[in-house]
1. May I ask you to list the residues in the range 71-112 that are open to solvent by less than 20 Å² (accessible area, probe 1.4 Å) and either over 14 Å from the mean Cα position of the chain (by Cα) or closer than 20 Å to Gly57 by Cα (or both)?
2. Is it true that Lys88 is farther than 22 Å from Tyr32 by Cβ, without any contact (Cβ under 8 Å) to a residue 12 or more places away in the chain and of a type in the set (D, E, K, R)?
3. Starting from residues that are without any contact (Cβ under 8 Å) to a residue 24 or more places away in the chain and outside any loop (DSSP other than H, G, I, E, B), keep the ones in the range 44-64 and report whichever is surrounded by the most Cβ atoms within 10 Å (Cβ to Cβ).
4. Output the residues belonging to the range 113-123 that are open to solvent by less than 60 Å² (accessible area, probe 1.4 Å) and touching a helix residue (DSSP H, G or I) at 6+ places or on another chain (Cβ under 6 Å).
5. So Gly35 ticks every box in (1) closer than 22 Å to Lys66 by Cα; (2) open to solvent by less than 30 Å² (accessible area, probe 1.4 Å); (3) touching an Asp or Glu at 6+ places or on another chain (Cβ under 8 Å) but one. Which box is left unticked?
Amino acid sequence: QVQLVESGGGLVQAGDSLRLSCAAFGRTVNRYYMGWFRQTPGKEREFVAWITWGAGGVSFYGDSVKGRFTISRDNAKFTVYLQMNSLKPEDTALYYCAAAPSATTLAQRYDYWGQGTQVTVSS
């Protein structure tokens with residue numbers, strides 16, 4: 001069993017930066033790939049990024065955030081971060097942390113989800 005708790009969302013202006021955190025709990029956490037997704041009302045969850053706990057922290061990004069967002073992890077704290085720079089109004093969404101047994105961009109393949117943290121970017 002894995003539990004995920006996100007934090008760090010808020011209201012910012014276009015061009016600002018924000019860092020989201022995801023604290024992961026459970027004995028098997030380090031077996032999972034950790035991902036970030038986002039969702040706006042009426043739309044499906046959009047893949048943002050994933051990262052591994054292993055050496056080197058291999059990561060992968062969705063096209064819409066590549067070059068602006070950075071995913072990282074702190075293995076000692078079992079915490080995953082999403083650094084978001086140059087934020088745009090279209091980045092406004094509920095951001096979720098999730099855990100999957102393999103590297104994937106598909107939401108349905110993630111087994112565990114946090115409750116989400118809201119990010120709102122004003123123009």
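1. To start, the set of residues in the range 71-112 that are open to solvent by less than 20 Å² (accessible area, probe 1.4 Å) comprises 71, 79-80, 82, 84, 87, 91, 93, 95, 97-100, 104, 110.
Ile71, Thr79, Val80, Leu82, Met84, Leu87, Cys97, Ala98, Ala99, Ala100, Thr104, Tyr110 - these are the residues of the range 71-112 that are open to solvent by less than 20 Å² (accessible area, probe 1.4 Å) and either over 14 Å from the mean Cα position of the chain (by Cα) or closer than 20 Å to Gly57 by Cα (or both).
2. Details: farther than 22 Å from Tyr32 by Cβ: yes; without any contact (Cβ under 8 Å) to a residue 12 or more places away in the chain: no; of a type in the set (D, E, K, R): yes.
So Lys88 fails the test.
3. Filtering first and then ranking leaves Tyr61.
4. Just the residues of the range 113-123 that are open to solvent by less than 60 Å² (accessible area, probe 1.4 Å), to begin with: 114, 116-117, 119-122.
Across the range 113-123, the qualifying residue is only Val121.
5. For Gly35, the exception is condition (3).
The values are calculated or read from the model by the stated rules, or taken from the named source; none is laboratory data. Keep in mind that this is a model prediction, so the values were computed, not measured. Note that each Cβ is placed from the backbone with ideal geometry, even for glycine, and that neighbours are counted across all protein chains shown. For accessibility, only protein heavy atoms count, side chains too; no ligands or nucleic acids. Shrake-Rupley method; radii C 1.70, N 1.55, O 1.52, S 1.80 Å.
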